[in-house]
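Novice: My questions will all concern the structure given below.
All of the numbers you see were taken from the coordinates with simple rules; none came from a lab. Note that the structure is a prediction, hence the values are computed from the model and not measured. Note that each Cβ is placed from the backbone with ideal geometry, even for glycine, and that neighbours are counted across all protein chains shown.
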């Protein structure tokens, strides 16, 4: 059976992480449950406001995301709902007046909830009916919401949580071409204001616009591999209403390999790297995930 991992949003110390999840708009039989546990290591730059006397910022993040996905029948079409909560250990370093300073913290990241609906080309099918289903073109939409429940200390500049809500509506399509599948998705992420930002300030951020492209190849016996790319831009912030020169513009590349263990379990390996980035969003990541599925 096809597996679907929830899209994970793991903001690392203020760097905007845009997840890349191939097969996010694939069809699934109704009543399928997927549990996920993984490990992700990320390392990259940190950017600070010009008013903060810090330079050469760098972060190292060890994250263990826990997730659950349930496939649904939504108006006769296939849908899903999923939730993910990452446990994160963050180490950040920088220099201040030539001296190294650091931050070392462990806690929960902001949880993410994703609701998806494939409204074209993906009928709601039972497991028995799904065995004869062959994908052509699927068009779907999703909404990902992150909640401000992660670790956050207003007296610290670098945190795991963001102390704000985010909402990301997205439109995606998936076209099967024999053993290949091409997917394209575009979305925009909106943020609420953080009124308890470092130094007793209020921080707001403009929306971030993103697009993703995935090319997936079926390898047989349930295995598959994918290459992915994303570009995202926007997100200029304001402190107490004063705009900062920190607009994001970045592109990233990722490779994914999924290998079945048996009918109910699979392993997924992911590597991602920045191609171009501004404003401290350049980081590299390696991850491994275990997925377990069961049905009604």
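Novice: Hey, fewest Cβ within 10 Å first, where do 174, 26, 251 land in order?
Specialist: 251, 26, 174
Novice: I've got another one for you. Given the DSSP H assignment, sum -39500 (n - 2.57) over each helix run of at least 4 residues in the chain and divide by its residue total; what's the result at 222 nm in deg cm²/dmol, nearest 500?
Specialist: Value at 222 nm, helices only, nearest 500: 0 deg cm²/dmol.
Novice: Take every Cα-Cα pair in the range 181-296 and report what % of them are more than 19 Å apart. Intermediate values should be presented prior to the final figure.
Specialist: Working: 4091 of 6670 pairs.
Roughly 61 percent, once rounded to a whole number.
Novice: Would you calculate the separation in nanometres between label points at residue 219 and residue 292, each defined as 7 Å from the Cα along the Cα-to-beta-carbon direction?
Specialist: It works out to 2.4 nm between the two label points.
Novice: Test of understanding: extend the Cα→C-beta vector of residue 182 to 7 Å, then name every residue of the range 116-135 with backbone N under 17 Å from that spot.
Specialist: So the set is 135.
Novice: Over the alpha-carbon set of the range 32-295, divide Rg by the Kirkwood Rh and report the Rg/Rh ratio to two decimals.
Specialist: Values: Rg = 20.0 Å, Rh = 20.2 Å.
Result: Rg/Rh = 0.99.
Novice: I've got another one for you. Going by Cα centres, the range 139-162 and the range 213-240 are how many Å apart?
Specialist: Their Cα centres are 20 Å away from one another.
Novice: Would you kindly state how much longer the chain becomes between residue 264 and residue 119 on full extension, computed as 0.36 nm times their sequence separation minus their alpha carbon distance, in nm to one decimal? Provide the component values of the computation, followed by the final result.
Specialist: Details: separation 145, 0.36 × 145 = 52.20 nm, distance 2.69 nm.
Full-extension gain reported as 49.5 nm.
Novice: If you stretched the chain out fully between residue 33 and residue 149, how much longer would it get, using 0.36 nm times the residue separation minus the C-alpha to C-alpha distance?
Specialist: 39.3 nm
Novice: While we're on this one: For the residues 64, 173, 20, what sequence is obtained by ranking on other C-beta atoms within 10 Å, fewest first?
Specialist: 64, 173, 20
Novice: Arrange 61, 227 by Cβ neighbour counts within 10 Å, fewest through most, would you?
Specialist: 227, 61
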